[in-house]
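Student: The structure follows.
The values are calculated or read from the model by the stated rules, or taken from the named source; none is laboratory data. All of these numbers come straight from a predicted model, not from anything done at the bench. Please note: Cβ atoms are built from the backbone with ideal geometry, for glycine as well, and neighbour counts cover all protein chains shown.
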């Protein structure tokens with residue numbers, strides 16, 4: 001299993017790659033078209049040439065919709081963007097990378113969220129487009145937002161269509177509010193129960209977790225009557241627990257969310273604080289994964 005980090009979000013990331021490599025990360029998940037038609041695709045792709053860390057290029061992140069939220073990004077548009085990314089990588093001389101199609105389709109634009117078969121079409125068209133360009137790397141489906149009943153219903157609908165055998169099925173996994181890594185989602189008896197359900201839906205397809213993480217901001221629990229905040233040490237231990245869980249269950253990738261804490265006080269998922277200092281989770285990852 002390879003470990004990665006969500007970073008960049010459509011902005012240049014070259015200046016961070018040395019740090020991320022030193023921390024032991026092998027992959028950066030970069031939202032290639034976050035700026036839509038103004039995305040600096042060639043620059044973002046070229047940043048990884050000559051680096052030991054490799055990119056997972058997310059095609060159609062966010063809610064898979066246009067900036068004004070009027071309509072979704074259509075399957076053929078996603079396919080064209082992915083094709084152009086492959087061409088940019090070829091022009092830059094970048095050989096090692098992966099492509100992810102969309103993001104959290106079960107909570108994305110309603111035309112995808114209510115039609116999993118439509119999202120499957122987007123995956124199929126993107127897969128065909130990049131294979132026709134000679135791309136032989138991994139094509140990953142945009143991950144369902146969580147390993148919960150809603151996510152599994154959506155995934156079941158998506159998998160009822162024809163998905164190529166070598167497509168990797170993506171998923172995200174976030175904990176229940178205020179809970180640790182071993183607590184299952186409602187309706188499941190354990191993390192193993194969640195995983196067995198996931199495996200039963202996807203069959204022999206390979207799996208990749210393209211987002212997981214833990215927030216240190218206060219979270220409402222007990223029907224909103226209480227608030228709980230995870231400590232930095234709890235988050236560090238939880239992240240390492242998940243890395244081990246995904247490794248032991250033969251997950252292809254496990255990509256942590258995210259590099260920096262967000263500007264909003266409710267978004268404290270980062271391994272780095274807003275003042276630029278690394279959190280204990282970053283040092284624990286370095287100790288566990290950095291190559292000697």
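Student: Does residue 136 satisfy the condition of being modelled with pLDDT of 95 or more, over 17 Å from the mean Cα position of the chain (by Cα), within 16 Å of residue 165 (Cα to Cα) and part of a loop (DSSP other than H, G, I, E, B)?
Tutor: yes
Student: Select, from 32, 44, 56, 78, the only residue that is under 25 Å from residue 122 (Cα atoms) and touching a residue at least 60 places away in the same chain (Cβ under 8 Å).
Tutor: Unique residue meeting the criteria: 56.
Student: Check residue 101 against each of (1) surrounded by 22 or more Cβ atoms within 10 Å (Cβ to Cβ); (2) under 24 Å from residue 250 (Cα atoms); (3) out of contact with any helix residue (DSSP H, G or I) (no Cβ under 6 Å at 6 or more places or on another chain) and name the one condition it does not meet.
Tutor: (3)
Student: What are the residues in the stretch 242-266 that are under 14 Å from residue 9 (Cβ atoms), at pLDDT 95 or above and not in a strand (DSSP E or B), if any?
Tutor: Across the stretch 242-266, the qualifying residues are 257, 258, 259, 261.
Student: Just for the stretch 267-277: of the residues that are closer than 22 Å to residue 10 by Cα and free of Cβ contacts under 8 Å to residues at least 40 places away in the same chain, which one is surrounded by the most Cβ atoms within 10 Å (Cβ to Cβ)?
Tutor: Among residues in the stretch 267-277 that are closer than 22 Å to residue 10 by Cα and free of Cβ contacts under 8 Å to residues at least 40 places away in the same chain, the one surrounded by the most Cβ atoms within 10 Å (Cβ to Cβ) is 270.
Student: I need every pair where a residue in the stretch 149-165 that is under 20 Å from residue 195 (Cβ atoms) has its Cβ under 8 Å from the Cβ of a residue that is in a loop (DSSP other than H, G, I, E, B), sequence separation at least 6 or different chains.
Tutor: Filtered contacts from the stretch 149-165: 149/185; 149/186; 149/187; 151/145; 159/203; 163/205.
Student: Further, regarding this structure: Checking the structure you have, find out if any residue of the stretch 217-237 is at pLDDT 95 or above, crowded, with 19+ Cβ neighbours inside 10 Å and not in a loop (DSSP other than H, G, I, E, B).
Tutor: Checked against the condition, which is being at pLDDT 95 or above, crowded, with 19+ Cβ neighbours inside 10 Å and not in a loop (DSSP other than H, G, I, E, B), the stretch 217-237 yields at least one hit.
Student: Within the stretch 20-29, does at least one residue satisfy the condition of being in a loop (DSSP other than H, G, I, E, B) and either over 20 Å from residue 256 (Cα atoms) or in contact with a helix residue (DSSP H, G or I) (Cβ under 6 Å, 6 or more places away or on another chain) (or both)?
Tutor: yes
Student: Still on this model: Output the residue which, of all residues in the stretch 275-292 that are in a loop (DSSP other than H, G, I, E, B) and at pLDDT 95 or above, is nearest to residue 145 (Cα to Cα).
Tutor: The selected residue is 279.
Student: Let me ask something else about it. Could you please let me know if residue 178 is crowded, with 16+ Cβ neighbours inside 10 Å and part of a helix (DSSP H, G or I)?
Tutor: no
Student: What number of residues within the stretch 104-127 are surrounded by fewer than 24 Cβ atoms within 10 Å (Cβ to Cβ), in contact with a strand residue (DSSP E or B) (Cβ under 6 Å, 6 or more places away or on another chain) and within 18 Å of residue 65 (Cβ to Cβ)?
Tutor: Qualifying residue count, the stretch 104-127: 2.
Student: For residue 72, are the conditions met, namely being closer than 25 Å to residue 147 by Cβ and free of Cβ contacts under 8 Å to residues at least 40 places away in the same chain?
Tutor: The answer is no for residue 72.
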